[in-house]
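Structure first, then comments.
The values are calculated or read from the model by the stated rules, or taken from the named source; none is laboratory data. This structure is a prediction, so every number in the text was calculated from the model and none was measured. Please note: Cβ atoms are built from the backbone with ideal geometry, for glycine as well, and neighbour counts cover all protein chains shown. To get the accessible areas, we keep the full protein, side chains included, count just its heavy atoms, and leave off ligands, DNA and RNA. Shrake-Rupley method; radii C 1.70, N 1.55, O 1.52, S 1.80 Å.
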Amino acid sequence: MTDQTDSSTRGFDSLAVHAGQAFDPTTGAVIPPVHFSTTYAQDGIGGLRQGYEYGRSGNPTRTALQTQLAAIEGGRHGLSFSSGLAAEDALLRAVLKPGDEVLLGNDVYGGTYRLIARILGPWGIGLRIVDMSDLDAVAAALEERPARVLWVETPSNPLLRITDIAGLARLGHDAGALVVVDNTFASPALQQPLRLGADVVVHSATKYLGGHSDVVGGAVVIDDDAVAESVRFLQFAAGAVSGPLDAWLTTRGIKTLSLRMHKHSENAAAVADFLDGHDRVARVYYPGLPAHPGHELAARQMSRFGGIVSLALGDAASARRFAESTRLFQLAESLGGVESLVNYPDEMTHASVRGTELAVPEDVVRLSVGIESVQDLVEDLANALAAL
């Protein structure tokens, strides 16, 4: 049966639930089945049914997820990968050649920096760092030397800097650069970079898209047909595809994305307000706070402010002790699940950028605020702060 729900006239919540999710035509099952087969019978040599021949080149469950990804980000092409870094790697290798440069934000996920500096760097890819939230600094960097890719996270990880996507897109396009936005922290439920002028959106689908800390995945959403075809070729040829069960789990998570992001944002705002008024906290990083330097911009390009709150505690020892003292906030890598997590970036998610321009201050702790009862979350943080 043809899926009639992918129209751009549909609301976000309808697309999240229905895009790529037509009922099974054989049984009428409302939830499409998970297709585990690695190979597909052909009607004669080269006679492929619906284009499927082998699990690496295509799988109906992955196709359904890719349709869903494109729909919720407002793009033409969605591609699903085995991890966020696999998605980033395929995109970068598809659009770069030796001698090209990437202009990277100075507050991004440590794995992104590691991929470009240590994997692609020896292959001949140049890397420069700039504060993407400062458009004048970006313009000066592009004037000094062109870049093939502008790579930005907004909100950024872990200091929650906000970048003007539309302004950055204008600068990048005037300079002939491809503008890539990592939309993991906001998710398409809160922010849609393609509609603001970006060329490509990337995600760690492990985070808010999956939403339940039970699947690893990555995604790329692209409007340009030629770029999409190049990335699709690498997806096939290098093979870092999402497996069928991973694709299905991600699809399931996306269906409740809007509801979860509302609760994540609501809880995070309450947590940020509590921390902002606490005399033991040196600084709170959360774009929903009026004092945040990117607050007004975030209010314009995001529908809510997200579920991540970072805080500075004045010194490394206090930050470490705090991170090890919470109980409801579990000390763990990653973010974006329904449960609350606490992370010490300097030695965990961002250890790979120690000693670089992207190094995270040693007194910073990152909170991924879950969907639990907010009074319990605040009490847990209050107890941890009291123990300092």
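Values as computed for the structure displayed
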read-out	value
Qualifying residues in the range 165-192 (those that are more than 22 Å from residue 368 (Cα to Cα) and touching a residue at least 40 places away in the same chain (Cβ under 8 Å)) - the one surrounded by the fewest Cβ atoms within 10 Å (Cβ to Cβ)	166
Condition met for residue 246 (crowded, with 21+ Cβ neighbours inside 10 Å and of a type in the set (Asp, Glu))	yes
Boolean, residue 310 is under 28 Å from residue 384 (Cα atoms), open to solvent by less than 20 Å² (accessible area, probe 1.4 Å) and touching a strand residue (DSSP E or B) at 6+ places or on another chain (Cβ under 6 Å)	yes
Residue match in the range 369-377 (condition: more than 27 Å from residue 262 (Cβ to Cβ), open to solvent by 10 Å² or more (accessible area, probe 1.4 Å) and in contact (Cβ under 8 Å) with a residue 24 or more places away in the chain)	no
So residue 272, is it free of Cβ contacts under 8 Å to residues at least 60 places away in the same chain, assigned to a helix (DSSP H, G or I) and surrounded by 22 or more Cβ atoms within 10 Å (Cβ to Cβ)	yes
Complete set of residues in the range 133-149 that are of a type in the set (Lys, Arg) and surrounded by 15 or more Cβ atoms within 10 Å (Cβ to Cβ)	148
